[in-house]
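> The structure follows.
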Amino acid sequence: MPRRGIAAGALLAVIAVVATACSEAPAAESGEQYSSPKAIAAQVRYPSAPREAASTLSGFLSAPGGPYLRDQYSRVVILHGVNAVYKLAPYELTVTPGQPNTFDAADARTIARLGFNVVRLGMLWQGLEPGAGGPNQPAVCTPGAPANPHMYSAATVRAYLAKVAAVVDLLGRYGIYTLLDMHQDVYNSLYRGEGAPAWAVCTDGLPIVALGGRWSQNYHNPTLDIAVAHFWGNDVTGDLQGEYDRVWGAVAHSFADNPWIAGYDPYNEPFSREYRLDDTVSFAIDLECFYTGRARPGRLAADDKPIVCPKSDPRNGVVPTIEAADPHHLVFIEPDIYSIHGKPNLLGPMTFPRLVFNVHSYCESRSPVTGDPTSVDACSGQILASLLRRSRDRPQLTSRAQPGGPAWFLSEFGASSDPNLLEQVTDTTDLLQLGWAYWSWKYYDDPTGSSDEALASPTGALAPTATVLSRTYPQAIDGVPSAYSFDPGSGAFSLTYQRPATSSAPTVIFVARTHYPNGYCATVDGGTFDSPPGAAHLVVDNATGSGTVQVSITAGSCG
């Protein structure tokens, strides 16, 4: 249970939400045979798996309905990880040593050692489709029916994705999934951010003057409002959304058969001036039509009427484009950026089978320079309220394809060097049984970030926050979890879950050994252990028949 900053009433609310979430989750399917060596890493059981792997998961993940991700054996999957995004040219990380954007085996090895099993890896549209020329080109920005702007180069896309694939493959060798994130902040580098190529910036001919102060002040730049309105409206001859979707189709096709891809994040932190002006429904329609396209529009939250998408929008939006190119992987859709601080989500049901409700959560009570909280308790309380609201929003996305709503995932939080804040937030995510990716792994001279956010220095030295984020947690649960918790101060961990009548694969718990300098003692009721003493991955084979399994871990020997 959290030790500071969260009121007892709020904790009871969290527990109530968790109980509701568990009741919505479908039970693990019975009848599957535990036969594939891919699911469990070598230090647990199978010599064919890479011995250096720190994840005991592999293969495609699914989101069949309910709050949990699932693996190929229907086990509940919990992901913990970090973000790694390079926002300067060439707008991607590389495994080539000695570069400012290098991400090498030392990074992957340390990430795995900390128990992280996912990296949200950044890509940028301006790297994939740089095109030619600057903003406000008449061939692109003239109002009218969308048409091919002739900015796409298949060779450029292949070269870019080859470098992305090298990072994905490196992470896979260490048993780490990749969530591919098409990143942006304030749309384009002309606004001191990153994301869209310069040719895709249309401001009706008005000159672009970046605002001073913190980079995020440019969210209030009037010409930015015009540029993003043209993107969401797709109302210029350059077919901005069509080109964006074309790039995503190439990405999804390239990684369709890669078992170490967790999924795709189509657009980081969508935003529009319309939301700030309280015309919230208008932007919600724009955003949902961007995801679905005209052919398969969804509905807004709590509204039974189908959305009517603008005629200028692509017939097939970014989600069906990805799913047509890749029949396996998940699509992690984000609500608008303002939901980060607890504002309402207006996204509603979209009838696609592999969606994940992908949320971010930051607090407003923090330094505009470092990102560190000015009040830890105020920050943790706000984040708790925001995540509780998102947990209530998630079932509103229920569709025939995903009964009970899609799974959910916290793909950004933190951005802080304060261990107390991160401990409280991760305690909350445990209570909510919510997977996460911390922002951020390294600083990489981030134009829209702070060096205080980094978990690792340029030399690989870890910040004190790494000890908080490296947690003992269940990575795969053969059953429906009732609760799990971890105390980084004492090392105490507990997990309770309801096992299915027929087990298909073991439950696997990552043990963060940095919290157990003198070893650990594990006990189980309702199952047996099938891993060596002191292993980094504790493997639990369920007892025969349905029932309750309880696992406890404490620091020190069992004597």
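> Going by what's in this entry, would F352 be described as in contact with a strand residue (DSSP E or B) (Cβ under 9 Å, 6 or more places away or on another chain), part of a loop (DSSP other than H, G, I, E, B) and modelled with pLDDT of 95 or more?
So F352 fits the description; yes.
> Next up: Conditions: (1) under 24 Å from T448 (Cα atoms); (2) among the charged types (D, E, K, R); (3) touching a residue at least 60 places away in the same chain (Cβ under 8 Å). R273 meets all but one. Number of the miss?
(3) is the only condition that R273 fails.
> Out of P297, P310, which single residue is touching a helix residue (DSSP H, G or I) at 6+ places or on another chain (Cβ under 7 Å), free of Cβ contacts under 8 Å to residues at least 60 places away in the same chain and not in a helix (DSSP H, G or I)?
Unique residue meeting the criteria: P297.
> Here's a follow-up. Condition test on D286, is it surrounded by fewer than 23 Cβ atoms within 10 Å (Cβ to Cβ) and within 24 Å of P395 (Cβ to Cβ)?
So D286 fails the test.
> A follow-up question, please. Could you pull out the residue among V140, V168 that is under 30 Å from L57 (Cβ atoms), part of a helix (DSSP H, G or I) and either β-branched (V, I, T) or touching a Pro at 6+ places or on another chain (Cβ under 7 Å) (or both)?
Within the list V140, V168, the selection yields V168.
> Output the residues belonging to segment 311-336 that are more than 17 Å from R294 (Cβ to Cβ), surrounded by fewer than 24 Cβ atoms within 10 Å (Cβ to Cβ) and charged (D, E, K, R).
Within segment 311-336, just D336 meets the criteria.
> Picking from S62, S36, which residue would you name as being modelled with pLDDT under 90, among the hydroxyl-bearing types (S, T, Y) and either surrounded by fewer than 24 Cβ atoms within 10 Å (Cβ to Cβ) or within 26 Å of H329 (Cβ to Cβ) (or both)?
Going through S62, S36 in turn, just one is modelled with pLDDT under 90, among the hydroxyl-bearing types (S, T, Y) and either surrounded by fewer than 24 Cβ atoms within 10 Å (Cβ to Cβ) or within 26 Å of H329 (Cβ to Cβ) (or both): S36.
> Of the conditions (1) within 23 Å of F413 (Cα to Cα); (2) in contact with a Ser or Thr (Cβ under 8 Å, 6 or more places away or on another chain); (3) acidic (D, E), E92 fails just one. Which one is it?
(2)
> Quick one: which of T459, T467, T448, T429 is within 21 Å of E364 (Cα to Cα), without any contact (Cβ under 8 Å) to a residue 60 or more places away in the chain and of a type in the set (S, T, N, Q)?
Step by step, each of T459, T467, T448, T429 is checked, and only T429 is within 21 Å of E364 (Cα to Cα), without any contact (Cβ under 8 Å) to a residue 60 or more places away in the chain and of a type in the set (S, T, N, Q).
> Can you tell me which residue within segment 265-281, out of those that are farther than 14 Å from H230 by Cα, at pLDDT 70 or above and not acidic (D, E), is farthest from the chain's Cα centre (by Cα)?
V281
> Give the residues of segment 537-558 that are part of a loop (DSSP other than H, G, I, E, B) and at positive phi, sorted by residue number.
G545, G556
> If G534 satisfies all but one of (1) of a type in the set (G, A, S); (2) under 27 Å from the mean Cα position of the chain (by Cα); (3) part of a loop (DSSP other than H, G, I, E, B), what's the number of the condition it fails?
Here G534 meets the rest and fails (2).
> Can I ask one more? Identify, from the list F332, F357, the residue that is under 17 Å from the mean Cα position of the chain (by Cα), farther than 18 Å from V281 by Cβ and free of Cβ contacts under 8 Å to residues at least 60 places away in the same chain.
It is F357.
> Between A437, A476, which is in a strand (DSSP E or B), of a type in the set (A, V, I, L, M, F, W, C), over 27 Å from Q382 (Cβ atoms) and at pLDDT 95 or above?
A476
Residues checked against (1) assigned to a loop (DSSP other than H, G, I, E, B); (2) closer than 22 Å to S470 by Cα; (3) at pLDDT below 95; (4) among the β-branched types (V, I, T):
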{"position": "K343", "(1), (2), (3), (4)": "yes, no, yes, no"}
{"position": "V369", "(1), (2), (3), (4)": "yes, no, yes, yes"}
{"position": "Q382", "(1), (2), (3), (4)": "no, no, yes, no"}
{"position": "Q396", "(1), (2), (3), (4)": "no, no, yes, no"}
{"position": "G405", "(1), (2), (3), (4)": "yes, no, no, no"}
{"position": "L410", "(1), (2), (3), (4)": "no, yes, no, no"}
{"position": "L422", "(1), (2), (3), (4)": "no, yes, no, no"}
{"position": "T428", "(1), (2), (3), (4)": "no, yes, no, yes"}
{"position": "L431", "(1), (2), (3), (4)": "no, yes, no, no"}
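> Every residue in segment 186-238 that is farther than 21 Å from I285 by Cβ, part of a helix (DSSP H, G or I) and in contact with a helix residue (DSSP H, G or I) (Cβ under 9 Å, 6 or more places away or on another chain), please.
Once the filter is applied, which keeps residues that are farther than 21 Å from I285 by Cβ, part of a helix (DSSP H, G or I) and in contact with a helix residue (DSSP H, G or I) (Cβ under 9 Å, 6 or more places away or on another chain), segment 186-238 yields S189, L190, Y191, A198, W199, A200, W215, N218, H220, P222, T223.
For (1) touching a Ser or Thr at 6+ places or on another chain (Cβ under 6 Å); (2) within 26 Å of L384 (Cβ to Cβ); (3) not hydroxyl-bearing (S, T, Y), each residue gets a yes or a no:
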{"site": "Q424", "(1), (2), (3)": "yes, yes, yes"}
{"site": "L434", "(1), (2), (3)": "no, yes, yes"}
{"site": "W439", "(1), (2), (3)": "no, yes, yes"}
{"site": "T448", "(1), (2), (3)": "no, yes, no"}
{"site": "P464", "(1), (2), (3)": "no, yes, yes"}
{"site": "V468", "(1), (2), (3)": "no, yes, yes"}
{"site": "A483", "(1), (2), (3)": "yes, yes, yes"}
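> Being in contact with a Phe, Trp or Tyr (Cβ under 9 Å, 6 or more places away or on another chain), surrounded by fewer than 21 Cβ atoms within 10 Å (Cβ to Cβ) and part of a strand (DSSP E or B) is the filter here, so list the residues in segment 95-137 that pass it.
Matches in segment 95-137: none.
The values are calculated or read from the model by the stated rules, or taken from the named source; none is laboratory data. Because the structure is a prediction, the values reported are computed rather than measured. All Cβ positions, even for glycine, are placed from backbone atoms using ideal geometry, and neighbour counts span all protein chains on display.
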